[in-house]
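Asker: The structure that follows is given in the form of C-alpha cells.
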Amino acid sequence: MSPSPEREPAAGSSVADPAAAAAAEGAVRPGGGDDAVRERAAETLRAASDNLLARQSDEGWWKGDLETNITMDAEDLLLREFLGIRDAERTESAARWVRSQQQDDGTWATFYGGPSDLSATIEGYVALRLAGDDPEAPHMAAASAWVRKQGGIVKSRVFTRIWLALFGWWPWERLPEMPPEIMFLPKWMPLNIYSFASWARQTIVPLTVVGSRRPRRPAPFRLDELHADPEDPYKPAPPAPAASWEGVFQRLDKILHVYHKHHSKRLRKMAKHQAVRWIIERQENDGCFGGIQPPAVYSLMALYLEGYDIDHPVMRAGLKALDDFSVARRGGARMVEACQSPVWDTCLAVVALADAGLPRDHPALVRAGDWMVQEEVAKRGDWAVQRPRLGASGFAFEFQNDNYPDVDDTAEVVLALRRVDTTDNRRRDAAIRRAANWAAGMQSKDGAWGAFDADNTSRFPNRLPFCDFGEVIDPPSADVTAHMVEMLADLGFSGHPRTRRGVAWLLREQEPDGSWFGRWGVNYIYGTGSVVPALVTAGIPVTHPSIRRSVTWLEEHQNTDGGWGEDLRSYHDPSEWAGRGESTASQTAWALMALLAAGEDDSEAVRRGVEYLGRTQQEDGSWDEPQFTGTGFPWDFSINYHLYRMVWPITALGRYVHGGPADTHSGSPAVRTAA
C-alpha cells in the first residue's frame, strides 16, 4: 500500500493555537457581506480549517486521494498477468474495487454519475474474469451483453485493444502502427516525439517498443462473448474520405504496417536501443516514469520485452512505484491512483489556510513551506527542448517527477510560498525567484502558457489513428495562464510585458457568454474562477466589460440551492451542460472566488453561495463530494481530487470573511526580481 495515504483528521482535532483560532473566526481583516452571514461563514471556516490542519503529514505535505476510473485497476492486473507476477491477494483487492464501481446495468463509467463507457466496461469485465468471476453471473452477463450491444471490442479505444492484443484477444495487425523509428525524427519535423505532450510522449515511446515486438501471452480464457459479430469480430471501420486528414493518416498507417513487415533490422535495433535509453534516463528516484500510471506500466512492459528481468533494479524500482500508487478502500478493496498530488495539494492547502487567516509563521505553514522549498526541481527536463537557454527550476505535481515540472504547480507554489515564512526565508526567496523566472520563460509565442511545454501546439498528433485516448498535445490554457498572470502580478509585475501579453490572451479567449474554458478543472466554472481573480490582481478594473460579463454568467448559472455545479458532459456538449450540474463544494468555491474578486461581496449570489457551503458542511468540517471536478483530458479522463472539497471552500470562505486573499508581501527584495 502507499506510504503516503490521504490523511484523515484525528477526532477532536482543532486549530493549533489561540491566535490561529481567532484568525479563522474572522479577527484579522474586515470582510464583506451581512454580519450574521459572515459570522456563520467564520464558524464554517474554522471547522474546515481544523479538519484540513489535521490532515497534514509530519513532513509538512498534504495529499488527498486521486480517484479516476477502474481502467487503472484493470490495467494494473493485466500488467502483472503479462509479467507473470499477478498474485491472488492483489487480484481480489482490486476486483473488490472494480465491482464496487460497477453500475446497476452492469457497465462502468469514467466518472461519478457519468454515462456508460465501452472501453472501461471491457477492461472492468476482463479484470473480473482474471479474478475468477463467472461470465454467466448476472453482473458479468449484463456487462458483456451491453458491450455487444455497443458493437463489441472492435468499437473500443486503441489502448484497450492493445491490452487485449497482449493476450491474443485482438490481432496486432488490426491496431494502428507506431514504429520505434519515430525516435530518429529531428525535433523540427512534424510528429517527432517532442511534438506530443509530455504525458503522451512518455506513453508513446515505450509503446513503440511493445508494438515492434507484438508480444502474445497465453490467454487465461476466451472473450468471444465480447464480440458483437462472432463471424467477423475484427471487421474494420469504413475508411475516412481520402481527401480528409483522417484519410491521409489512415493511408500512412497502412504504409507503416508494410514497413513493419519489411523493416531494416539494423535500424529497428538502433531505434529500440534509443527508445530504451530514453525511457531509463527518465526513471525517477522513486522508480516511477513521469509520475503517472500509463507511462509506468508501458515502460515496464517495454523494458521487460527488451530483456530486463523482473529482478533488475530498474524493474524492481518501477514495480515498487506502482505498488505505492495503491490506496486501501473500504471492505478490503484497493484502488490504483493514476498519479499522486502532494505538491499540488500542499500549495493549495497553504493558500487556503493563509487566506483563512492563519499567520504566516504558523507552525503548519512553516513546515509546509520548508517542504515545498526542498521540492524545487534542479535539473533540465524535456521542457528544455523548446527552451534550451532557460535556467532549470519549477515544481512538479508529484513526490518525484524532476523531468517534468509544470507551470501550473510552479505558479501556485510561488503564490503559496509568498504567504508563509520558512526556517530559511533567504532560501525561500531564492527558490521563488528561480521558479518564477522558469515559469515566466515557459510562455508560448501567443502570450499564454501550457502546462509542461512551451509552444506544444501542433495538431498533427491528434490526427494519428493511434491517438484516440484523449488530449495528446499541451497548448496554452486559460486556467494555467490565469495562474501565471496572478503569480506575476502578485510579485509586482502587473505592468511587465509578459503579464500584459498573458492578460491580453485571456481577454481574447473569453467565451461569448462571459465564461472561460477550463482545461484542468471542470469546466467553465473552473476556468472563470481562475481567470477573474487573476485579471483583477493584474489591474483589470472590476467594472471592465469582461469582468461584468463573467459575473452575469455566474449569476445566471447559480443553482436554486445556492451552490454551483457543472457536469463533465460540458466538455462533450457545452450548449447543454456548460455551468450546469449538481452543486458541489469545490465548484461553488470557484464561483465565489470569481465573484468576490469582482467586488460582489455584498451580492445576493455570494450570500447564497456562502450559505450553501455552510449548510452542506459535515459535522467533521469537511464536505461530501463524490463528483469529479478535476480534469486530466477533457471528457476522456476525469479526476476526483479528494482534497478539492476542502481547500477550495476554505479559500473562498477565507476571502469572504477576511475581505480578500492573504497578504503575500514579506518585504524581501529578493522575491521581486523575477520575470
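Readers should treat all values here as calculations from the given coordinates under stated rules, not as data from a laboratory. Predicted model, so just to flag it, every value in this text is computed and none were measured. As a convention, Cβ positions derive from the backbone with ideal geometry for all residues, glycine included, and neighbour counts pool all protein chains shown.
Asker: What is the dipole size for the chain, taken about its Cα centre, with +1 at each Lys and Arg Cβ and -1 at each Asp and Glu Cβ, in debye to the nearest 20?
Answerer: 2980 debye
Asker: In addition: With r as the distance between the Cβ atoms of residue 104 and residue 555 and R0 = 35 Å, compute the FRET efficiency 1/(1 + (r/R0)^6) and round to 0.05.
Answerer: Calculated transfer efficiency: 0.45.
Asker: Treat the count of other C-beta atoms within 10 Å as a stand-in for reagent exposure and order 97, 278, 590 from fewest to most. Mind showing how you got there, number by number?
Answerer: Working: 97 23, 278 17, 590 31.
Exposure proxy ranking, most exposed first: 278, 97, 590.
Asker: If you don't mind, there's one more thing I want to ask. Looking only at segment 192-232, which residues have a backbone nitrogen under 16 Å from a spot 7 Å from the Cα of residue 173 in the C-beta direction?
Answerer: Flagged as within label range: 214-216, 232.
Asker: Also, quick follow-up: So how much slack lies between residue 374 and residue 222, counting 0.36 nm per residue of separation and subtracting their Cα-Cα distance, in nm?
Answerer: Additional length available on full extension: 49.6 nm.
Asker: Another one. Describe numerically, in nm with one decimal, the distance between label points set 7 Å from Cα along Cα→Cβ at residue 252 and at residue 457.
Answerer: Placing both labels 7 Å along Cα→Cβ, they lie 2.0 nm apart.
Asker: Mind giving me the FRET efficiency for residue 134 and residue 468? R0 is 22 Å, r the Cβ-Cβ distance, nearest 0.05 is fine.
Answerer: 0.10
Asker: Now a separate question. So if each residue of separation counts as 0.36 nm, and I subtract the Cα-Cα distance between residue 366 and residue 36, what length gain in nm does that give?
Answerer: Length gained between residue 366 and residue 36: 115.5 nm.
Asker: Next question, about the same structure. Scale the Cα Rg of segment 433-561 by the rule-of-thumb value 2.2 N^0.38 Å and send over the ratio, two decimals.
Answerer: Compactness ratio reported: 1.11.
Asker: Tell me, what does the Kirkwood hydrodynamic radius of segment 202-283 come to in angstroms if you use every pair of distinct C-alpha atoms?
Answerer: Over segment 202-283, the inverse of the mean reciprocal pair distance is 16.1 Å.
Asker: Using a cut-off of 20 Å between alpha-carbon atoms, which lysines can reach residue 187, once sequence neighbours fewer than 8 places away in the same chain are excluded?
Answerer: Result set, ordered by chain and number: 272, 445.
Asker: Among 235/261; 235/269; 63/320, which pairs are too far apart, with a Cα-Cα distance over 25 Å?
Answerer: Pairs exceeding 25 Å: 235/269.
Asker: Please report, for the Cα atoms of segment 67-336, the Rg to one decimal and the Dmax as a whole number; what are they, in angstrom?
Answerer: Answer for segment 67-336, Rg first and Dmax second: 18.9, 55 Å.
Asker: Also: Can you give me the C-alpha center-to-center distance between segment 98-157 and segment 208-260, rounded to a whole angstrom?
Answerer: 22 Å
Asker: Taking the Cα-to-Cβ direction at residue 145 and at residue 328 and moving 7 Å from each Cα, how far apart do the two end points lie in nm?
Answerer: 3.8 nm
Asker: Let me ask something additional. Quick query: amide H of residue 521 versus all other amide H atoms, modeled in the peptide plane; which residues come in under 5 Å with a sequence gap of 5 or more or a different chain?
Answerer: Correct list: 631.
Asker: Sorting 407, 205 on the 10 Å Cβ count, fewest up front, what's the list? Mind dumping the intermediate values first?
Answerer: On the way: 407 30, 205 26.
Fewest-to-most ranking of 407, 205: 205, 407.
Asker: So if we plug the beta-carbon distance of residue 240 and residue 191 into 1/(1 + (r/R0)^6) with R0 = 22 Å, what FRET efficiency do we get, rounded to 0.05?
Answerer: The computed FRET efficiency comes out at 0.75.
Asker: Between residue 267 and residue 155, 0.36 nm times their residue separation minus their Cα-Cα distance comes to what?
Answerer: Going from the current span to full extension adds 36.9 nm.
Asker: Take residue 576 and residue 232, extend 7 Å from each Cα along the Cα→Cβ direction, and tell me the distance between the two endpoints in nm.
Answerer: 3.2 nm
Asker: Neighbour counts of other C-beta atoms within 10 Å: give me 656, 194, 571 arranged from fewest to most.
Answerer: Ascending number of Cβ neighbours within 10 Å: 194, 571, 656.
Asker: Continuing with the same structure: Could you work out [θ]222 nm for the chain from helices alone, using -39500 (n - 2.57) per DSSP H run of at least four and dividing by all its residues? Round to the nearest 500 deg cm²/dmol.
Answerer: It lands at -14500 deg cm²/dmol.
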